[in-house]
1. Please list, ordered by first then second residue, the pairs with beta carbon atoms under 7 Å, 6 or more apart or interchain, first in the range 109-122 and open to solvent by 30 Å² or more (accessible area, probe 1.4 Å), second near the ligand (Cβ under 6 Å from one of its atoms) and modelled with pLDDT under 90.
2. Which of the following residues is within 19 Å of the chain's Cα centre (by Cα), more than 20 Å from MET297 (Cβ to Cβ) and open to solvent by 60 Å² or more (accessible area, probe 1.4 Å): ARG355, ARG333, ARG359?
3. Condition first: within 16 Å of the ligand (Cβ to nearest atom), part of a loop (DSSP other than H, G, I, E, B) and among the hydrophobic types (A, V, I, L, M, F, W, C). Now tell me which residues in the range 275-298 satisfy that.
4. So, VAL181, is that one more than 12 Å from the ligand (Cβ to nearest atom), without any contact (Cβ under 8 Å) to a residue 40 or more places away in the chain, touching a Lys or Arg at 6+ places or on another chain (Cβ under 7 Å) and part of a strand (DSSP E or B) or not?
5. Which members of the range 27-63 meet the condition of being of a type in the set (A, V, I, L, M) and either open to solvent by 30 Å² or more (accessible area, probe 1.4 Å) or over 18 Å from ALA103 (Cβ atoms) (or both)?
6. Which of the residues that make up the range 100-129 are within 18 Å of ALA176 (Cβ to Cβ) and either under 20 Å from the mean Cα position of the chain (by Cα) or in a loop (DSSP other than H, G, I, E, B) (or both)?
7. Hey, can you tell me all the residues within the range 123-150 that are open to solvent by 20 Å² or more (accessible area, probe 1.4 Å) and either within 21 Å of PHE197 (Cβ to Cβ) or within 14 Å of the ligand (Cβ to nearest atom) (or both)?
8. Starting from residues that are of a type outside the set (A, V, I, L, M) and assigned to a strand (DSSP E or B), keep the ones in the range 190-235 and report whichever is farthest from HIS19 (Cα to Cα).
Amino acid sequence: MYQIEIAGGRRLAGSVPVHGAKNSVLPILAATVLGNGTSVIHGCPNLDDVDSSCEILEYIGCNIKREGSTICVDASTIGKSCIPEEMMHKMRSSITFLGSMTARLGTAEMGTPGGCELGPRPIDLHIQALEKIGVAVKERCGRVETRCDSFVGGEVHFDFPSVGATENIMMAASLARGETVITNPAKEPEICDLQAFLNKMGAKISGAGTDCIVIEGVPVLHGAEHRVIPDRIVAATYLCAGIMTGGTVELTETNPEHIHAVTAVLRDMGASIYTNKHAVLLYAPQRIKPIKLLRTMPYPGFPTDAQAMMTAALTLADGTSMIEENIFENRFRHAAELSKMGADITTRGNVAVIRGVKRLVGAPVTAMELRGGAALVLAGLCAEGISTVSGTSHIDRGYGSLVEDMQSLGAEIRKIGKA
Ligand code: EPZ
């Protein structure tokens, strides 16, 4: 696997487009299984997780055609109702095939999902929700089996607004008889994007983005054409790169509405930020201001997926900051690696205390998971000297062109070793 080598200290400047959202395209690809026909999905990012989804779709019998960022899925030929362990383990999002395959085929059998090691990542909320609409679920030796004994809509309440579980029940309930009401669902933009795609397929869903989603089941869904929303976490990543290098970065093909919580914090850190419908422009301050307390929360709160990059940015603040990670149990693994570059971070449980330093120093570091890996690249961009980042397979799962985009903004960054 290649490494990323960075000669830090260059101010980023320029404009870069943001690619389609990983966390939107993955559930939407799983949702194509529901349609008895061909779906065409535009704006698909070039990511390992997208490749993994296409591998699952082909394995269960769908025909896939990829042209650039467009993926055509013909699900009329679907035949298999099981997904092998090795395919499930490649990513967390594989679990969203549970809802769509169960609804389309009446049964499904798969292993538990993989994904970044951020804590236990159980699937109890997914299972509880499916059982509320008559799906019989059996879990044993790390495999999940479902059967639609009586597939009737019901009342689903989430005590935690799980993104994946909301997506699973939205897909399954689209084909259940009668009405399903979901209270306290996840409200992320990716949930709204999934609702938009499912309704284009003929589903009858309303309320995505609010505290209550109502689904009126229909007997059959057809294929549909859709363009996924821009990736709000890639946008947050690139804005953090801008503030950390003291640069001026413009993002195009993005949606500022989706990153309000991030731009609000960046402004508190001293950045000047201007937005229009599809673009965000950031001017970095002379010195980053500390943030007394930053808490990650479900949308529209500050996104946990931007926490690692914000931790990296706050290592350079003119004072002490505190971050409370409230979504995942173990999401500060990047702290130890940042400390190798001279950062001063103390973590205890779900809290990190970050004492700002004047500068970071280049060092060899290792990505342990997707967003922590991106945070290490950002730290390398502003560190003095050379940094090398290993573990880049984690980064490839969620960033389609991180190195190329940073190069286009003037960074001295390259891939070394075999890709
Ligand atoms: C999605 O993961 C995203 N992944 C994550 O992005 C994101 O961090 C997360 O939502 C929260 O926004 C995709 O969309 C592919 P959850 P998901 O279910 O669905 C607990 C990235 O970097 N939980 O909302 O797995 C869980 O343990 C990735 O792009 C249960 O207890 O997130 C966690 O603590 C990382 N039981 C919390 O809820 C369940 O059945 C949030 O999980 C499900 C979840």
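1. ARG121/ARG92
2. Values: ARG355 fails: within 19 Å of the chain's Cα centre (by Cα); ARG359 fails: within 19 Å of the chain's Cα centre (by Cα).
Going through ARG355, ARG333, ARG359 in turn, just one is within 19 Å of the chain's Cα centre (by Cα), more than 20 Å from MET297 (Cβ to Cβ) and open to solvent by 60 Å² or more (accessible area, probe 1.4 Å): ARG333.
3. MET297
4. Here the answer is no, as VAL181 does not meet what is asked.
5. Selection gives VAL40, ILE41, LEU47, VAL50.
6. Those that are within 18 Å of ALA176 (Cβ to Cβ) and either under 20 Å from the mean Cα position of the chain (by Cα) or in a loop (DSSP other than H, G, I, E, B) (or both): SER100, GLY106, LEU125, HIS126.
7. Of everything in the range 123-150, those that are open to solvent by 20 Å² or more (accessible area, probe 1.4 Å) and either within 21 Å of PHE197 (Cβ to Cβ) or within 14 Å of the ligand (Cβ to nearest atom) (or both) turn out to be ASP124, LEU125, GLN128, GLU131, LYS132, VAL137, GLU139.
8. Of everything passing the filter in the range 190-235, GLU216 is farthest from HIS19 (Cα to Cα).
The values are calculated or read from the model by the stated rules, or taken from the named source; none is laboratory data. As the structure is a prediction and not an experimental result, all values here were calculated from the model. As a convention, Cβ positions derive from the backbone with ideal geometry for all residues, glycine included, and neighbour counts pool all protein chains shown. To get the accessible areas, we keep the full protein, side chains included, count just its heavy atoms, and leave off ligands, DNA and RNA. Shrake-Rupley method; radii C 1.70, N 1.55, O 1.52, S 1.80 Å.
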